[in-house]
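Nothing in this text is a laboratory measurement; each read-out follows from the coordinates by a stated rule. Just so we're clear, the structure is a prediction, and the values are computed from it rather than from any experiment. As a convention, Cβ positions derive from the backbone with ideal geometry for all residues, glycine included, and neighbour counts pool all protein chains shown.
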Amino acid sequence: MRVRLKGDAICTLLLLVALCSLLYSQLEHLVPVGNKEPTKKQPSVTAKIFSTPRAPWRPMPAEATVLKPHVTPVIRRPEVANNRVTTTTRPPLTDSAFNFKRYLLNKDNRNFNLLINQPKKCRKTPGGPFLLIAIKSVVEDFDRREIVRKTWGKEGLVNGEQIQRVFLLGTPKNRTVLATWETLIHQESQTYRDILLWDFMDTFFNLTLKEIHFLNWAAEFCHNVKFIFKGDADVFVNVENIVDFLERHDPAEDLFVGDIIYNARPIRVRKSKYYIPETMYGLSIYPAYAGGGGFLLSSHTMKKLSKACREVELFPIDDVFLGMCLQRINLKPILHEGFKTFGIVKPSAAPHLQTFDPCFYKDLMVVHSLKVAEIWLMWNLLHSPRLSCTQKKQVKKPFQWKKKAQVTPQASPLS
């Protein structure tokens, strides 16, 4: 009897151990991994499942159907977590300043609509204006257009010659930011009658489009003009000197004058604003061209350039493109020292020199890279009745722009 009881007890104990092992194995699958290994932080796919918005009708993933009352489900999918980490999208690489592929695909699209025109601009004066001032601008630079209108770009008589003015614009790059730009630019056009607006985006590499569209406009609507000055809105122009210079020339002959750049090499550095790959321009030197701050041309040259620009393949740098058009008509541009399209550089031989001096500007034609306030100030200083440039300043080392400094063998040349 005692033996039988001992056998039953052993059998019962074995069954109890087996049952406990079974329960333990089941509980092991239900215990959260975070509680079991608190020191390891593993990506939780469960959190992703429950935090993702879903439609009421969408079924839950199959892995989530093992839910038990009061127990947090755990889905062990380290391979998914690892993939999510290793396949994270890299930040986009910095693109070059210019999309050459897009440019080459669209380079033949060179005819854009004229949204705002001034067809009567050159009909106001019998026989046409003596000088048309054409200024490159952008929609948002109203302050620069306004200072030009009130200073050197005034319409009317200068030294007895009629002057007219237009601003050359494309549509703004950030149209959403400038929500009311169309209303404002049309109002400005109605007020001043000097806005030309074309339907292409106003970007640096679209300045070539502005060049050819203006030449076409001038050939059609301003063919009776005698001379044209074309420049930027951040320049100071001594119109009196320009008129005096042009009165000695015949508008029926070729004339192209400015700060001419010779033997310029294409820039092959990708980070540069002026980068040009060899696939686009294979030669080592550009043709002679005028710095974009401003240049003069006769009516005769304007008409020839207008035709030549239709035959020359578009190039993204407008100054160089115009040099290619000059080469096409076999016309050599003329260098004039009065055009300072890189600003006035202080010579090393005259460290005492004050470059922002109306007596220096009095002898120049164009000075580039001036602020709005500087343009206004210089114009008022030059037209002040108290201005006197005849008095010699007491300086230790007198310096004159028109004379070359005497350089001894030991001295350094002008920089």
Worksheet item: In this model, which of K230/K304; K136/K273; K230/K340 are farther than 22 Å apart at the alpha-carbon?
Response: none
Discussion item. Using a Debye calculation, one point per C-alpha and no hydration shell, please list log10 I(q)/I(0) for the range 210-335 at q = 0.17, 0.18 Å⁻¹ in order.
Written reply: -0.91, -1.01
Fill in: Cα-only radius of gyration and Dmax that characterise the range 104-340, units Å
17.4, 51
Worksheet item: Could the peptides 194-200, 156-162, 115-121 be put in order, highest first, of the mean number of other beta-carbon atoms found within 10 Å of their residues?
Response: 194-200, 115-121, 156-162
Item to complete: Report, by chain and number, residues whose modeled amide H sits under 5 Å from the one on I195, excluding near sequence neighbours (fewer than 5 apart, same chain).
Response: F167
Response to the item:
Fewest-first ordering of M201, M324, M302 by Cβ atoms within 10 Å yields M201, M324, M302
Item to complete: Treat the count of other C-beta atoms within 10 Å as a stand-in for reagent exposure and order R102, R175 from fewest to most.
Response: R102, R175
Response to the item:
Here the gain from full extension of I10 to K362, 0.36 nm per residue of separation minus their alpha-carbon distance, amounts to 114.7 nm
Discussion item. What FRET efficiency comes out for F204 versus T355 if R0 is 41 angstrom and r is the Cβ-Cβ distance? Round to the nearest 0.05.
Written reply: 0.90
Worksheet item: Within the range 151-171, what residues put their amide N at less than 20 Å from the label point 7 Å along the Cα-to-Cβ vector of N224?
Response: 155-158, 160-166
Worksheet, complete the sentence: Taking Lys and Arg as +1 and Asp and Glu as -1, residues besides I133 with C-beta under 10 Å from its C-beta add up to +1
Worksheet item: Which aspartates and glutamates have a Cα lying under 15 Å from the Cα of K307, excluding residues fewer than 8 positions away in the same chain?
Response: E211, E220, D254
Worksheet, complete the sentence: Along the dipole axis of the range 104-340 (charges at Cβ: +1 for Lys and Arg, -1 for Asp and Glu; origin at the Cα centre), the most positive-end residue among P266, N224, S298 is P266
Worksheet item: Under a plain spin-label model, where a point goes 7 Å from the Cα along Cα-to-Cβ, how far apart in nm are L335 and I267?
Response: 2.1
